[in-house]
1. Output yes when any residue across region C:9-17 is open to solvent by 10 Å² or more (accessible area, probe 1.4 Å) and touching a Ser or Thr at 6+ places or on another chain (Cβ under 9 Å), and no when none is.
2. Suppose the filter is aliphatic (A, V, I, L, M), more than 14 Å from chain A (Cβ to nearest Cβ), within 18 Å of C:ALA112 (Cβ to Cβ) and open to solvent by 20 Å² or more (accessible area, probe 1.4 Å); does C:LEU49 pass it?
3. Working only within region B:275-286, note down all residues that are touching a residue at least 12 places away in the same chain (Cβ under 8 Å) and either in contact with a Leu (Cβ under 8 Å, 6 or more places away or on another chain) or of a type outside the set (A, V, I, L, M, F, W, C) (or both).
4. Filter region B:159-178 down to the residues that are open to solvent by 40 Å² or more (accessible area, probe 1.4 Å) and touching a residue at least 60 places away in the same chain (Cβ under 8 Å) and list them by number.
5. Within region B:149-171, how many residues turn out to be within 11 Å of chain A (Cβ to nearest Cβ) and more than 15 Å from B:ILE272 (Cβ to Cβ)?
6. When both residues are 6+ apart or on different chains and their Cβ atoms are under 8 Å apart, which pairs have a first residue that lies in region C:19-32 and is more than 14 Å from C:ILE114 (Cβ to Cβ) and at the interface with another protein chain (Cβ under 7 Å from one of its Cβ atoms), and a second that is open to solvent by 20 Å² or more (accessible area, probe 1.4 Å) and at pLDDT 80 or above?
7. Got a sec? Which of A:SER129, A:SER155 is away from chain C (no Cβ under 14 Å), outside any loop (DSSP other than H, G, I, E, B) and out of contact with any helix residue (DSSP H, G or I) (no Cβ under 8 Å at 6 or more places or on another chain)?
8. Out of A:TYR186, A:TYR247, report the one residue that is open to solvent by less than 50 Å² (accessible area, probe 1.4 Å) and at pLDDT 85 or above.
Amino acid sequence: MVFAKTKSLLLTLLFLLAPLCVSAETLVVEQSFNGDHEIQATFATAADKAVAEDISRYTVFEEQDPDIRLTITSAKLGADGKNVSLHFADPLNTANTHVVAMKGSGEAEQTLFKVSKSYLGYLFGIFISALLINNFVFTKYLGLCVFFGTSKKKSTAKGMGVVFTLVMVVSAIMSWFFYQFILIPYDLNFLQIVVFIGLVSLTVQAVDTILRKVNPILFNSFGVFLVLVIANCVIIAVPLIVANNNYNFFETLMLALGAGGGFLLALYLMSAVSERLQLANIPPTFKGLPIAFIVAGQFAMAFLGFSGLQVF
Amino acid sequence: MKDIITIVIRLTVSCLMAATVMGLCFIFTSSAKKHNEHVREQRVMYELLGYDAGAEIPESVSLYEIYRYVVSRGTGQSIAYLLPEGEDDNFLFVEIDLDGKFLNAKPMEMSEQDALEHDVRTKHIQADLGETVHAEFADQILIATDDGKRTAYIIGGKFQGFKTFINVMMAVKPDFSILGLEILEHEEDPGLGAEIEQDYFKNQFKDKPFEALKVVDVVKAPIPDDYLKALNNKVSEEDVLKFREQYKDKDIYAITGATISTRAVSNGVKAIVMKFAYRVTVLDKVLEAEHIAVPF
Amino acid sequence: MANDKSSIQLVTRGILSENPIFKLALSMCPAVGISTTVMNGIMLGIAVLFVQVFSSVTISIFKNMIHPRIRIPTYTLTIATWVTVIDLVLAAYMPEAYAKMGIFVKLIVAFAIITMRLEMFACKEPVKDSFWDGIGMGLGFMVGMMAIGFIRELLGSGAILGHDVLGFKPLLFFILPSAGFFVVGLMMAFFNWIEVYYKRTKGLQ
């Protein structure tokens, strides 16, 4: 189990680092979705027009539904004889991996290739989603205590955001390892809360100690915030979400980065407004927290505009 | 030094105590959780079939579970169904190739309880197929019969909503028109996308014929007042049926401010039913051609 | 803190003068996030009440055995244990309500209010007082959640506890996700205004 996970991790790494070397050996060099109705493929060598445009030679299905064939309306070969685009009758569900099987001119030979959205694009999508679309403060309503407590000055906000991001990334990665290699194999899923909060505290303590030794100047400017980090829901929420969605290592990393970045962004935006609010003439009953909540509400409404945004 | 020892001892003791509390709680709740989930699932199923909570379910009605697996062996893939065979604990594992041709059928002995548990069932099948063949569970369907005649299928599925996944369960008549739709899980925004769990939205799908569902689309218009009343079951039963008849070939009215969620549900439902209809037709053809007797 | 406080005083203090949501401004996340209905408020309120009371009592019982240097880890462990318990129980017996509250039940573990009460009250006071203090704080949280939920549910969907009372939906805006911020902000301002008004009239007399 553990071995298989590590292997898959290594494979993914390989896949990420060397996509060109792998695909160069096959007949089909490049494949991608083109809009909702089209799959495009590029051959290594020019293909015969009659063969490439014969739709009966293609079978296309979604990877998890191999028995449901998608109907192709036409296949068109580009002018250079290398590009073929397959048109489909119904819109494709581009979130799923599609498998295209192609019969060549010889009767027996058959080429299989898979079409899916780029994995890096998907990872970037997770990052953007955690940063903007599902911003932890404005659309998930997490970490509000610290958010309202420390968003008075821009400099504090920046320091706080950076410390949070750092702790989030480290603790999320540690939690991921614990979750995948200890909690799941031994069926200890119900211990999630205890394990995650323990790891978060541990990370905070470690960052505190290391920073104190390695960079005392940085520690002096950040140290104050570290205590605040422990009991904060925005940090513990990341591993919980990871566990819920069963994310892999890279997805976890991107989610943690996005969540931390989103928190930094929210703090910075809020502190920029707070600095101006101090000069404004506010009714006495609204001074302090009430006006901060209303400003945050306006930000939340603005961030609602991001929802439904689709990246890649 | 002495300090450290006491700290270690005290922390260990408190961890042990905490572990005892949590462990005991887990032991007591885990079986209850499973039971309650099962009860809830059953309730939703019966409600979809038209038997509301507390209603008497006639003796002649029986339910049969069918599990679909994707079998991959070295080069190719095939689809397999685990079907109940007769009254006792016998199951039949029917393999069909991707073009809908019959491959083989082998009996499998398994208690009904084992078949219900996903892990146990999959292990059983895997052991029967051997090392070289890999079977992966795809989905399950439920066939309801009354006096040996099929009255409905219950199918489930998951698709991408506006925010995360939407998990649905629906009952489909033998002619593949929709009998009822239930949203099990979703994370849409309250007040907007979350309205998909309201009756007035779900009831729009009721009695939609298969032909109309194949081409169903979403219209961005407010629901007419009298139709809305009918969807909320606020008029007499005959009127509800009349409205259903009138609107059965029409498109789905979008929820205000949640067109994407609406579209996600209608497309998701469409895709699930279409795939299901194709598979059931293939399976029925194979069962008939091979003279395999099944209780449904 | 004096020991002669009666249980009633301890409870009312938690609900009114030291209300965790409106006065102490702690544990705001669920107050904004899932206060769309009164029912959600009640359910999460019960969960918090349970965790607060059990943690307070536990710490109060063992207060002499807790080494001062590992105070905070012990609190965290205690809270995490009870949160796990309530999480398991809710998931088993009330799956539908649990699904609505989502991640927030698990996040009770990071509620500042609970740790603060343990640090400020339960580790010094006897078991009985800690119990009543826990009840007060838990109820205070629940009342706050219910008040926000009441306003949002009534104005947003014209209903109370799922029962249609108005027959129409006055302002859909209130049930939308971001409205939580506005409702909490306006309610805080309202309570401030009452306080200011009260003080002013008192000063005039």
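The values are calculated or read from the model by the stated rules, or taken from the named source; none is laboratory data. Remember, it's a predicted structure, so these values are computed and weren't measured experimentally. Backbone-built Cβ (ideal geometry, glycine too); neighbour counts: all protein chains shown. When the accessible area is computed, the model is the full protein with side chains, heavy atoms only, and any ligands, DNA or RNA have been set aside. Shrake-Rupley method; radii C 1.70, N 1.55, O 1.52, S 1.80 Å.
1. Checked against the condition, which is being open to solvent by 10 Å² or more (accessible area, probe 1.4 Å) and touching a Ser or Thr at 6+ places or on another chain (Cβ under 9 Å), region C:9-17 yields no hits at all.
2. It is true that C:LEU49 is aliphatic (A, V, I, L, M), more than 14 Å from chain A (Cβ to nearest Cβ), within 18 Å of C:ALA112 (Cβ to Cβ) and open to solvent by 20 Å² or more (accessible area, probe 1.4 Å).
3. Of everything in region B:275-286, those that are touching a residue at least 12 places away in the same chain (Cβ under 8 Å) and either in contact with a Leu (Cβ under 8 Å, 6 or more places away or on another chain) or of a type outside the set (A, V, I, L, M, F, W, C) (or both) turn out to be B:ARG279, B:LYS285.
4. B:GLN160, B:PHE162
5. Result for region B:149-171: 3.
6. Within 8 Å, the pairs are C:ALA25/A:LEU289.
7. A:SER155
8. A:TYR247
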